[in-house]
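K.L.:
Here it is: the structure, laid out below.
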Amino acid sequence: MLSKIKTIIWLKPLSFLTAISLIVFIVNRIIDATYYTQIQFIFSKYIYPNDINFLFGAFTNMGEVVTALLGIEITAVAIIVQLSANKYSSKIMELFIADRVNFYVFSIYVVTGVNTMMLVFTSGNVLIPYFSIFINNIFLILSLIIVIPHFAYVFNFLRPENFLQIIEDDAKKMFRKIRIENELKFISYKKQLAYNIDFIGDVALNSVHNSDRAIALLCIVTLKNISNNYISQKKLFPENWHKLSGDENVDPDFANYSSFVLKKIEENKVLFERKVLRLFEIVFNLTKTNQRDISSGILMNTRKIFEQAVNSDDYGVQWTVIKYFNSYLRISISSKDPRSAFNTMEHYRIIGEIVMEKNNNMLFSIFKNFKYYGQEANKNNILFILETAAYDLYLLIKLLHEKKIQNFDEFLELYLTLDEPIDFVEKSKFDKREMSLLGVRIAQVKLAAYFIIKNEKQLAQRIYEDMKNEPKDRIEKIKKLISDTTEEEFWEITPRGINFYYLNDIEKQALKEFFILFTY
């Protein structure tokens, strides 16, 4: 089978070039023979010199000119393409060769050279092929003129934004074909789609290693665009399209998965989304500390894939994205990198806002994940992550209340346990909660102020009940931190730019009523 494929690869262009060369030569010679008298009169009188020997001498040298031009083209283009392939991906060479414009340009040189040689060896004084020589001259002039424009085309083709756009457009065309094509072509389409994703992934990873941030981000956006286009049409694909082909075991993105995981991927119809998100995870891990703009791009575009999945009611992709956000948090905690977790939680919170009125179970799962990873970070002495989780859940609780979401009490109760250990051994220990971090308590105090402003004093009372055993000096410290924070914008450059401790004058006034409850 492999031998057959290799044969087809070189046999098709060989057949095409041979056929075109023969057609050009034969048609021109037929015209010469049929209208020889008229052609001889016109060309010998108005175009070509009367000296036949001079004409043949000049014509004979044309073959060398064409060969030299072809050699220059191949040498120069090969060097340019190879440099680009070394920088981005070896697959660029294949993409370049497959491009039709490049194929047709090189075909002009080949056809011109073949036609010139055939004319040289088949011409004589008896029947001078004036028309054939004229057409061949046109081909030769075209070969000369096209050199500079083709170089410009090659340089433009090798710009990352252009060849990435070619890949994206090819993928979109393929998605349209999948909806109507015979299932026998599915395997080849899957291989091509996987190849395209790997190609973009290679460019992204090489760009990361070369610190080429703009290209890396462009690759991420391209993968997101392909994924979203795929998700938007996936329901229209035949059912068999979602079956695993068996080649996943040799795909590095799936090779380490168990049969159980692969079965779940097939059931949830998320094979290619998992492949894209796996690349996102790799890039995130590589860039989380030294190229944060790229890792932030990963987070934003992962969230956009989720948004498309929500619009398409694709629950398989939604849960998959949530798992990857959990993985981003795990990577950040394992690396003791609070900044990455800080950025991850913001996009994760936005996902919670998106599903707030659509999927209550998913939202509750997000709440539990915030608590779990915040406390995991606390165990590893990365305290700021738990504080960030408290702030983000505070924003979600406010939205839940404003939108009057069902099971609000369950969400609030979970939020108030954010500062507690994950594993409770005895029920009696529920009242002996760990001393909460100041940042967590400040977020809960801010929520109490919100409830008082909304005239939901019983909800503020529940927060008080959770905090009433706090030492007086801790409550005083919370008061001081809030009163001393007068700027809403944080005093350093951060992705969020928000000061977690800030309350406006109305909220501070409401807090006075809340703090009256604390009598020691």
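K.L.:
Quickly run through region 367-380 and pick out the residues that are farther than 11 Å from Ala341 by Cα, touching a residue at least 40 places away in the same chain (Cβ under 8 Å) and either polar (S, T, N, Q) or out of contact with any Phe, Trp or Tyr (no Cβ under 7 Å at 6 or more places or on another chain) (or both). Show your work before the answer.
P.N.:
Step one: list which residues in region 367-380 are farther than 11 Å from Ala341 by Cα, which gives 367-369, 371-372, 375-376, 378-380.
After this cut, where a residue has to be touching a residue at least 40 places away in the same chain (Cβ under 8 Å) as well, the list is 367-369, 371-372, 375-376, 378, 380.
Correct list: Lys368, Asn369, Lys371, Tyr372, Gln375, Glu376, Asn378, Asn380.
K.L.:
Okay, moving on. So, Ser332, is that one over 15 Å from the mean Cα position of the chain (by Cα), part of a helix (DSSP H, G or I) and modelled with pLDDT under 95 or not?
P.N.:
Numbers: over 15 Å from the mean Cα position of the chain (by Cα): yes; part of a helix (DSSP H, G or I): yes; modelled with pLDDT under 95: yes.
Taking the combined requirement at face value, the residue satisfies it.
K.L.:
If you don't mind, there's one more thing I want to ask. Can you tell me which of (1) surrounded by 17 or more Cβ atoms within 10 Å (Cβ to Cβ); (2) without any contact (Cβ under 8 Å) to a residue 40 or more places away in the chain; (3) β-branched (Val, Ile, Thr) is the one Ile220 doesn't meet?
P.N.:
Single failed check for Ile220: (2).
K.L.:
Let me ask something else. Is it the case, given these coordinates, that Leu399 is in contact (Cβ under 8 Å) with a residue 24 or more places away in the chain and in the same structural domain as Glu470 (by TED's automatic domain parsing)? Walk me through how you get there before you give the answer.
P.N.:
Details: in contact (Cβ under 8 Å) with a residue 24 or more places away in the chain: yes; in the same structural domain as Glu470 (by TED's automatic domain parsing): no.
When the stated conditions are applied, Leu399 does not pass them.
K.L.:
I need the helices (runs of 4 or more DSSP H) fully contained in region 382-480, keeping only those with at least 1 residues that are over 13 Å from Phe367 (Cα atoms) and at pLDDT below 90.
P.N.:
Filter on region 382-480 gives 383-402, 438-453, 457-467.
K.L.:
If you don't mind, there's one more thing I want to ask. Given Leu223, Leu279, which one is assigned to a helix (DSSP H, G or I), farther than 19 Å from Met174 by Cα and not β-branched (Val, Ile, Thr)?
P.N.:
After ruling out the rest, the residue left standing is Leu279.
K.L.:
For region 263-281, check the following and say yes or no: at least one residue is without any contact (Cβ under 8 Å) to a residue 12 or more places away in the chain, among the basic types (Lys, Arg), surrounded by fewer than 23 Cβ atoms within 10 Å (Cβ to Cβ) and more than 27 Å from Ala85 (Cα to Cα).
P.N.:
yes
K.L.:
Within the set of pairs 6+ apart or on separate chains, which have a first residue in region 83-109 that is among the charged types (D, E, K, R), a second that is buried (at least 18 other Cβ atoms within 10 Å of the Cβ), and C-beta atoms under 6 Å apart?
P.N.:
Every condition considered, the pairs that remain are Lys91/Phe199.
K.L.:
A further question on this structure: Which numbered condition trips up Ser312, out of (1) crowded, with 23+ Cβ neighbours inside 10 Å; (2) under 26 Å from Ile265 (Cβ atoms)?
P.N.:
(1)
K.L.:
Within region 179-217, can you find the residues that are surrounded by fewer than 15 Cβ atoms within 10 Å (Cβ to Cβ) and in a helix (DSSP H, G or I)?
P.N.:
Listed by number, the residues that qualify are Glu183, Leu184, Lys185, Ile187, Ser188, Lys191, Gln192, Tyr195, His209, Ala214.
The values are calculated or read from the model by the stated rules, or taken from the named source; none is laboratory data. Keep in mind the model is a prediction, meaning the values are calculated, not measured. Virtual Cβ from ideal backbone geometry, glycine too; neighbours counted across all protein chains shown.
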